[in-house]
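FYI, it's all coordinate maths here, none of it is from the lab. Every value quoted in this text rests on a predicted model; they were computed, and no experiment measured them. Positions of Cβ are generated from backbone atoms using ideal geometry, with glycine treated the same way; all protein chains shown enter the neighbour counts.
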Amino acid sequence: MRISNLKIILPDRIIPIGSIQIENGLIAEIIEGTSSHSDIDAQGLVAIPGIIDMHGDMLEREIEPRPNARLPYDLALHELDKRLISAGVTTAYAAVSFSEISILKASLRRSDTASEICNAIYANRQHLLVDLRVHARFEVTNDNSPPILTELIEDGLVDMISLNDHTPGQGQYRDIEKYLVSMSQWRNISSDYATHVTRDLVKEAQARPIAWETIRAVTNIAQLHQLPIASHDDDTPSKVNLMHDMGCGISEFPVTLEAAQAAKDKGLAIAMGAPNALRGVSTSGNLSAQDAIAAGLVDMLASDYHPGALLQAAFLIADRGLLSLPQAIALITANPARALGLADRGTLAVGMQADLVLLANHTRPRVCATFREGKQIYSSAFNRLRSVDSVDGC
């Protein structure tokens, strides 16, 4: 199959008009200039690699759109699948939290429920259009998680782990007052109850030191299975050093410029949230992704809680001159592929997996079609693309 009349974003340059030849699910040829043969005339659409999302929390909201309104896992997965492919995401790591924090007891983030979700993802992933994987978020204060997580890793049901510590007073929640407001609003609880629970969390954390030897045992098993390991919400250089010593190769959402610089110095790949980059501000009042990008301290963006933000943030970054368009697109394609060990995708190059997205770039970029392994899995104008009619505006 040949898709012609494309503006093609390569890792280091842009082809103003060209074609992509796809054979057996791979990119067989990239042709500059007009083509005499075409199976699909893209009418000037922009071609980028399929987007790779290394951290997305959306599955939880699909499973439980309202408190105690639990939906079947398979339904939630298929609904998330539709959201992802329409946003141009072809590879996604669903964040599954292993936490026993008391304020989250009734949520999906308990270790036993998290294990169920991991099993559900692998039971259904062959029926999904996106390549959906498991990003296990290991809350380091949770003593119940290590044996469960270890078993899941050994059973091949985890593709990445991150080390999280959401204890108030450090990390993402260094500002206790902002944490109380956030918890009160997010969990729909009174400020008095939020204060009571937070006080208990801090006391519990102070009374029980983190069992780093046990955590190291989990990361050793993850390394044995060649899984990427990330730290989460690094706030100080010393925290970065500790996480590096624990085997982390990715610093996920550092909350200060100093921590991000320390991660860079240690050779960690740095991820920031795409919604943060799009809005220009962190919801927790922490490091702005735009500021970090301007300082040269961001390697990739993650959807965090909004898959549509990935594409929009990349184009905004390029429009504002923070990076060139190829460099900005690499934040959501080539760079996460490299950090996650996905050598077969992330760039438009001969021999790579034919995961690509066709965009109309008007006021905002719009996904017109998504391909995975050369097969069209989404189109907002499927018939017009197939019949080589105009797709302007899709």
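Give me the aspartates and glutamates in straight-line cross-link reach of LYS82: C-alpha distance below 19 Å, same-chain residues under 8 apart excluded.
ASP53, ASP57, GLU60, GLU62, GLU64, ASP74, ASP131, ASP304, ASP355, GLU373
How would you rank 49-59, 309-319, highest first, on the average number of other Cβ atoms within 10 Å across their residues?
49-59, 309-319
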